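What follows is one structure encoded as structure tokens, with my remarks underneath.
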Amino acid sequence: MPDRDWNLYTQFRNQYAADAHKELLSTEASRSYTFDEIDKESARLARFLSGLGLDLGDRVSVQVEKSPEALCLYLACLRGGFVFHPMNPAYQARELEYFLGSAEPTLVVSDSESAGMIRPLAKTAGVDHVFTLDGDGEGSLVEASRSSPQDFGIVPRTEDDLAALLYSSGTTGVPKGIMLTHRNLLSNTEALVETWGFTSGDRLLHALPIFHVHGLFVAIGCVMLAGANMRWLSSFSTEQTIRFLPECTVMMGVPTYYTRLLTEDGLNAETCSNMRVFISGSAPLLEETFYAFEARTGHRILERYG
């Protein structure tokens, strides 16, 4: 056992353990989930995955739509010592063939519509298990794991143990697998929480997808490590964003989110009166968008890059 448990999920739990019945997220349909509920569901999934025979360091490749259950699957992989490999839901057969062959996962989870395409690719790649998980939270993964007990703890990890596997954009060749350790993710998240002043009193408007760094590690990591909470939108829409901005203190988005918001009359200083910071990343923010947003709302967008 390592001298210190570097498992990222251990660090998350340390922040909310004393207030586990606090809300972690609420969907656009106002379905609320507490930290404790998400913790127990991730424990159930970790127990199920472990029962399938997954070993420490085994890859779990995931191509699903955004849902609270997908979040639980990510957390289950962290706590179980498995390596989470998210994939863009837009990937088609040729791309999936490459990623599954490169990542060499033990288990693949896809939505039901893609299952027919993924199963033969997974078989060719030597994948042991294939399950489904849809945007509504249903699927064979949830059904099969329903009877698993919620008694799974957190597997201690060293600072160099892998937590996640992401791939580069492949602009100069085929995408390369980027191996992210528990310490990589923890140190990055700790720096962001400190720099951006995240506290347990913050509420994030989470409208980003969760198959890449911005929505998965930056957004969710800051919330979990600060013991904050979030309004969880399945996808970005200007209507839903303006509806929920007044209750939130932080928003993270890509530049197109802000340009689209500027086309809405409902975006104004009053709508944003409770907001503490707007953050933009994943692509360059145009200068005219920056100044137009400040003129409309009184807020300067904080631009990050990595």
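Test of understanding: extend the Cα→C-beta vector of ALA90 to 7 Å, then name every residue of segment 225-241 with backbone N under 19 Å from that spot.
Flagged as within label range: 234-238.
Determine, from the Cβ-Cβ distance of TYR291 and SER235 and an R0 of 25 Å, the FRET efficiency 1/(1 + (r/R0)^6), rounded to the nearest 0.05.
Once the sixth-power term is evaluated, E becomes 0.35.
Could you please tell me the mean projected area of the C-alpha convex hull for segment 75-144, averaged over all directions and given in square nanometres to one decimal?
Details: hull surface 18.9 nm².
Its average projected convex-hull area is 4.7 nm².
Give the average over all directions of the projected area of the C-alpha convex hull of segment 36-130, one decimal, in nm². Present the calculation step by step, with values, prior to reporting the outcome.
Details: hull surface 21.9 nm².
Here the figure is 5.5 nm², rounded to one decimal.
Tally the DSSP beta bridges in segment 160-284 and give the antiparallel ones as a percent, rounded to 5.
Roughly 30 percent of the DSSP beta bridges within segment 160-284 come out antiparallel.
Give the lysines whose C-alpha is closer than 27 Å to that of LYS176, dropping any in the same chain fewer than 8 places away, or say none.
Here the lysines satisfying the reach criterion relative to LYS176 are LYS66, LYS123.
Per DSSP H run of at least 4 residues, take -39500 (n - 2.57); add these up for the chain, divide by its residues and hand me the 222 nm value, nearest 500 deg cm²/dmol.
Mean residue ellipticity, 222 nm, calculated: -11500 deg cm²/dmol.
In square angstrom, rounded to the nearest 10, how much accessible surface does HIS21 have for a 1.4 Å probe?
150
For q values of 0.29, 0.30 Å⁻¹, compute log₁₀ I(q)/I(0) with the Debye formula on a Cα-only model of segment 120-178, without solvent.
One equal scatterer on each Cα of segment 120-178 leads to -1.04, -1.06.
Rounded to the nearest 5, what is the percent of antiparallel bridges among the DSSP beta bridges in segment 1-153? Show your work: numbers first, answer last.
Details: 3 of 15 bridges.
That works out to approximately 20 percent antiparallel.
Can you say what percent of the DSSP beta bridges in the chain, counting only those with both residues inside, are antiparallel? Round to 5.
20
In vacuum, with every alpha carbon of segment 189-301 counted as one equal point scatterer, what does the Debye formula give for log10 I(q)/I(0) at q = 0.11, 0.13, 0.17 Å⁻¹? Two decimals, please.
Rounded to two decimals, the profile gives -0.31, -0.43, -0.77.
Candidates [x] 19.2, 57; [y] 23.7, 84; [z] 19.1, 71; which is the computed Rg and Dmax of the Cα atoms in Å?
Given [x] 19.2, 57; [y] 23.7, 84; [z] 19.1, 71, the structure-derived one carries the label [x].
Just the ratio, please: alpha-carbon radius of gyration of segment 226-269 over 2.2 N^0.38 Å, N its number of residues.
Relative to the 2.2 N^0.38 Å estimate, segment 226-269 comes out at 1.17.
Between Rg and the Kirkwood Rh of segment 170-224, both from Cα atoms, what is the Rg to Rh ratio? Provide the component values of the computation, followed by the final result.
On the way: Rg = 13.3 Å, Rh = 12.6 Å.
Checking Rg against Rh, the ratio lands at 1.05.
What ranking of THR158, THR189, THR195 comes out by heavy-atom accessible area, probe 1.4 Å, highest first?
Working: THR158 55, THR189 5, THR195 105 Å².
So, going from the largest accessible area down, we get THR195, THR158, THR189.
Please find, in a Gaussian network model of the chain (springs between Cα atoms separated by less than 10 Å), the residue of THR171, THR181, THR263 whose mean-square fluctuation is greatest.
Of THR171, THR181, THR263, the Gaussian network model singles out THR171 as fluctuating most.
The values are calculated or read from the model by the stated rules, or taken from the named source; none is laboratory data. Since the structure is predicted, the reported quantities are computational estimates derived from the model, not experimental observations. Quick reminder, even Gly has a Cβ in these numbers, built from the backbone with ideal geometry, and neighbours come from all protein chains shown. The area values use the complete protein model at the heavy-atom level, side chains included, leaving out ligands, DNA and RNA. Shrake-Rupley method; radii C 1.70, N 1.55, O 1.52, S 1.80 Å.
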